[in-house]
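To start, the structure under review is shown below, and the notes come after it.
Read the figures in this text as sums done on the coordinates, not as results from a lab. Since we're looking at a predicted model, the values are computed, not measured. Reconstructed Cβ throughout: ideal geometry from the backbone, glycine too, with neighbour counts over all protein chains shown.
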Amino acid sequence: MKRQSDRLNKLGWNEFFQSSFDSHGGGPYHPARVALENRDLYRLYTAEGELVGHLAGKLRHEAAHRDALPAVGDWVAIGPLAGEGRAVIHSILPRKSRFARKIAGARTEQQIIAANIDTVFLVTSANQEFSLRRLERYLVLAWESGANPVIVLSKADLCEDVDDLTEQIRAVAGGVPVLVTSVLARLGLDALDEYLCEGKTVALLGSSGVGKSTLINHLAGEDIQKVREIREADGRGRHTTSHRQLIMLRRGGLVLDTPGMRELQLWDADHGVDRAFEEIEVLAAGCRFRDCRHQGEPGCAVIEAVEEEQIAPQRYHSYQKLQKELRHLEVKQDKLAQIAQKNKWKKLSRMASDRSRMKRH
Ligand SMILES: Nc1nc2c(ncn2[C@@H]2O[C@H](COP(=O)(O)OP(=O)(O)OP(=O)(O)O)[C@@H](O)[C@H]2O)c(=O)[nH]1
Ligand SMILES: [Mg+2]
Ligand SMILES: [Zn+2]
């Protein structure tokens, strides 16, 4: 029993999950952690080793949205073993943190990118890929997730003036640690170790080609993840990693490799925006109107700060842009909720009229 709980702790199991597992009945179920998801198949880590998991029919049918299905990093309750190396997933334990975005494309739906992450490395490389605006967006989602963000500036060997880049990052980082690294030049890598302790999970997020898998191979001490040559001419990667995957490090700790994301749209990130633009939020307390949108209202302390060059205009614009995106999302979510409500009434009234017709006959 002791050995078993040691193994679970290595996978990130703790009091938080244990107590919800117990209150969900524990019983015949076992805990397992989702390491990889591929369509309807899940690779699971358990105290006894690896298994392949399938969704229980009930879980699949009752999941109204994709976010109700297991995501990489989730702890799930699996049933008694269904056979050699296989198990059925019955439920998802409440998430301690979750990194979510709006699903790519036009649909208004949430996608969970990773669950139960302790620290998220926001990786950005010191070449043409570098974009402060994108970094701000990652920071918003990271703050919203409940995981601790750390900014990793990768490929420092490619940049002449790293100090200048670091300074630019610090100006938007709001106190988040900024680590300057290069795997090629063996620079700054020891600073990553602090976050990789036993039972802790670190997710690496960032555009394709910034060197996430290269960092993971370094941390693992072996080439476990595929790394591809970059087209240095435009600094873009080629989406070499195709799946999100949780990897156990021999030295202790878990890392989650992710494919570079082309689109990173917000999902319910009010708190994240407030936290990522804290200096603006603090100033906003001094606006004359409580519901000031800082778009030219009289007595606006934010506009005043922009005029006095206390806040960079780009930073102000990016704040406005994210706020606008959130409002737009809210409108779409409201519409969907209204449609769902309408459908529910339609269904209920249809059922009622069916019933009265049956009575008449
Ligand atoms: N110069 C330099 N190149 C690096 C460094 N780290 C990684 N690279 C190169 O950058 C390219 C992309 O690295 P990957 O690790 O595949 O990038 P990734 O972020 O995993 O990309 P995706 O899986 O597509 O999301 C490879 O050719 C690496 O060799 C570094 O520190 N310096
Ligand atoms: Mg990769
Ligand atoms: Zn204002």
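Points to keep in mind about this one:
- Of the trypsin sites (Lys or Arg not before Pro) found in segment 282-313, the ones in coil according to DSSP and having at most 13 other Cβ atoms within 10 Å of their Cβ are 288, 290.
- Each label point was placed 7 Å from the Cα along the Cα-to-Cβ direction; for residue 262 and residue 220 their separation is 2.6 nm.
- Chymotrypsin sites (Phe, Trp or Tyr not before Pro) within segment 253-361, DSSP loop, no more than 13 other Cβ atoms inside 10 Å: 289
- Label point distance in nm, residue 291-residue 104, each placed 7 Å from Cα along Cα→Cβ: 3.8 nm
- Using the Stokes-Einstein relation with a Kirkwood hydrodynamic radius computed over Cα pairs, the translational diffusion coefficient of segment 187-284 at 20 °C and a viscosity of 1.002 mPa s comes to 139 µm²/s.
- Across 182, 23, 349, mean-square fluctuation computed from a Gaussian network of the chain (C-alpha pairs under 10 Å connected) peaks at 349.
- 3J(HN,Hα) couplings calculated from phi for segment 42-50 with the Karplus curve 6.51 cos²θ - 1.76 cosθ + 1.60 (θ = phi - 60°) are, in sequence order, 10, 8, 10, 9, 10, 4, 9, x, 8 Hz; Gly and Pro show x.
- Taking the average, over residues, of other Cβ atoms within 10 Å as the packing measure, peptides 191-197, 89-95 rank 89-95, 191-197 from highest down.
- Estimated from helices alone, the mean residue ellipticity of the chain at 222 nm is -11000 deg cm²/dmol (sum of -39500 (n - 2.57) over DSSP H runs with n ≥ 4, per residue).
- Principal axis analysis of the Cα atoms in segment 94-209 yields extents of 42, 37, 25 Å, listed in decreasing size.
- Ranked packing of 29-35, 240-246, most packed first, by mean Cβ within 10 Å: 29-35, 240-246
- Measuring from each cysteine beta-carbon in the chain, the ones with no other cysteine beta-carbon under 4.7 angstrom are 159, 197, 300.
- Comparing Cα centroids, segment 243-273 and segment 293-361 end up 26 angstrom apart.
- Computed FRET value (nearest 0.05) for residue 61 with residue 349, which takes r as the C-beta separation and R₀ as 25 Å: 0.55
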